[in-house]
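**Q** Handing you a structure now.
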Amino acid sequence: MRSRAIYLFSCLLLAAAPVAGQLPDFVQLMRAEGRAVVNVSTTFYQGGDASDVPLSDTPEEELLREFLRRQLEPYAPRDFESRSLGSGFLIAEDGYVITNAHVVGGPQGQEIVVRLADRREFPARVVGADRLSDIALLKIEARGLPRVRIGDPAALEPGEWVAAVGSPFGFERSITAGIVSAKGRTLPEESYVPFIQTDVAVNPGNSGGPLFNLRGEVVGVNSLIYTDSGGYMGLSFAVPIDVAMNVAEQLRTRGRVTRGRIGARVQEVTADLARALGLPRAAGALLTEVLKDGPAERAGLRPGDVVLRFDGHDIDSHADLVHLTASARPGAIATLGLVRRGAPLELRVRIGEAQAESAVGAAPPRAALDVLGLELAPLAHEERERLGLTGGVRVQRAEGAARRAGLRRGDIIVSVNGEPVASVPAFNQRIAGAGKGATVALLIARAGAQLFVALRVPD
């Protein structure tokens, strides 16, 4: 009996030996590839005034606002800074860095610093950022830098080991490991990216860092987590590296990202819809609307069509069609296999070009600032009469040199160096005539009173 127990125990050990040998070892990966992972620190400088407070409509409101400003001014910070910490990785020896767009996106006045594994720090400039994929490309002025090796996300399988390297909560060069939970995930309001889902521990500060496979190749860019608490809860999502590299290359060569479109809106095919439409299974992308004069309408597509193939690729869900269309080259011809009223059909459609961020309802851009950091607007005739002015332009926004000089939203510029200002072009002409580096005296109407502000024109 004892010998039989020893025999069974030995068999269990032998059976367990290969399993133990298959456990991943991330030591060599970290030693070899961790040198190309960087820390990205973005500092945003903002003034402490109330330049974004809605403009007052009456002299009484303006007086009250000015009174409150004077009372609180001694206690209010002139400038404050906020900092965003994230991660990134070097893709080229001459200093190109991939990170997340949300790590470096922010108001004007930001400073970005990239810190290497050897503790050297370099100021970075944003080559470009794409909000729809959450990918940004940075450039630092350095040579001979280590860089990552790029892998193939298509070869990833659910259950495969992966590791994330980054700076969670500012703790640089941290590595966490887990497995691929799923591929091709579509998240709400993130329909342009087929995310890699993992259970790798990713926390604030990991954003923009690389996701490695066991061969030490980057297969994704850690981008976001699902959480109720703000911390890791077992659901992490990475942008596939092929998507990120395509975006980075377009940002580097063209300064913007081009995406394809066919001019149709789609939805998921549920089991009930599949039965109603006579489909053998719930798959494909159901067209709910074909936009007028768009590529889909010109190709003959109709609402109710179910697209099952796109240029030889199977369409399992409506998200697949969105991904494939967005990655297609505008002007190219794509062959669509579809079902219409139960009958198979094949159509060819010429891919159009999507307008930047139009599909996600991007906010309209703010007006550009001039060299002084000013956004100006003309005064209406009625407003001039109410304020008792013969001219002037209103400050809509003040940043940079204008803010440092003390200008604020709602100020009315009456004259420059004693010369009246009747319009925005007249103001620009006065500033141009003063010359770069000159200091000008602006007469300002503010809250029913007038004062002079000295403003230096940037070189």
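**Q** Among Gly166, Gly159, which is more than 23 Å from the chain's Cα centre (by Cα) and either assigned by TED's automatic domain parsing to the domain that holds Val193 or among the hydroxyl-bearing types (Ser, Thr, Tyr) (or both)?
**A** Gly159
**Q** Okay, moving on. Which one is modelled with the lowest pLDDT, of the residues in the range 220-240 that are more than 16 Å from Trp161 (Cα to Cα) and in contact with an Asp or Glu (Cβ under 8 Å, 6 or more places away or on another chain)?
**A** Looking at the filtered set, the residue picked out is Leu224.
**Q** Can you tell me which of Ala326, Ala264, Ala283 is of a type in the set (A, V, I, L, M, F, W, C), surrounded by fewer than 20 Cβ atoms within 10 Å (Cβ to Cβ) and under 21 Å from Leu187 (Cα atoms)?
**A** Ala283
**Q** Further, regarding this structure: Please find, within the range 152-165, the residue that is surrounded by the most Cβ atoms within 10 Å (Cβ to Cβ) out of those that are in contact with a Phe, Trp or Tyr (Cβ under 9 Å, 6 or more places away or on another chain) and among the small types (Gly, Ala, Ser).
**A** That would be Ala164.
**Q** Looking at (1) surrounded by fewer than 22 Cβ atoms within 10 Å (Cβ to Cβ); (2) touching a Ser or Thr at 6+ places or on another chain (Cβ under 8 Å); (3) among the β-branched types (Val, Ile, Thr); (4) modelled with pLDDT of 90 or more, which is the one condition that is false for Val180?
**A** Condition (1) is where Val180 drops out.
**Q** Does Arg149 satisfy being modelled with pLDDT under 90 and surrounded by fewer than 21 Cβ atoms within 10 Å (Cβ to Cβ)?
**A** no
**Q** Can you pull out the residues in the range 312-347 that are farther than 21 Å from Pro240 by Cα, in contact with a helix residue (DSSP H, G or I) (Cβ under 9 Å, 6 or more places away or on another chain) and part of a loop (DSSP other than H, G, I, E, B)?
**A** Arg341, Gly342
**Q** Does the range 236-254 contain any residue that is assigned to a loop (DSSP other than H, G, I, E, B) and either surrounded by fewer than 19 Cβ atoms within 10 Å (Cβ to Cβ) or touching a Gly at 6+ places or on another chain (Cβ under 8 Å) (or both)?
**A** No, every residue in the range 236-254 fails to be assigned to a loop (DSSP other than H, G, I, E, B) and either surrounded by fewer than 19 Cβ atoms within 10 Å (Cβ to Cβ) or touching a Gly at 6+ places or on another chain (Cβ under 8 Å) (or both).
**Q** Taking Ala276 and the conditions (1) at pLDDT 90 or above; (2) outside any loop (DSSP other than H, G, I, E, B); (3) over 30 Å from Gly95 (Cβ atoms); (4) not acidic (Asp, Glu), which numbered condition does it fall short on, given that it satisfies the others?
**A** Ala276 satisfies every listed condition except (1).
**Q** Name the residues in the range 88-138 that are among the polar types (S, T, N, Q), surrounded by fewer than 22 Cβ atoms within 10 Å (Cβ to Cβ) and not in a loop (DSSP other than H, G, I, E, B), would you?
**A** Gln110
**Q** While we're looking at this one, here's another question. Out of all the residues in the range 396-426, which are among the β-branched types (Val, Ile, Thr) and in contact (Cβ under 8 Å) with a residue 40 or more places away in the chain?
**A** Across the range 396-426, the qualifying residue is only Val424.
**Q** Restricting to the range 281-293, name every residue that is assigned to a loop (DSSP other than H, G, I, E, B) and closer than 18 Å to His323 by Cα.
**A** Selection gives Ala283, Gly284.
The values are calculated or read from the model by the stated rules, or taken from the named source; none is laboratory data. Everything numeric here is computed off the predicted structure, so don't read it as measured data. A quick note on method: Cβ atoms are made from the backbone with ideal geometry, for glycine too, and the neighbour counts reach across all protein chains shown.
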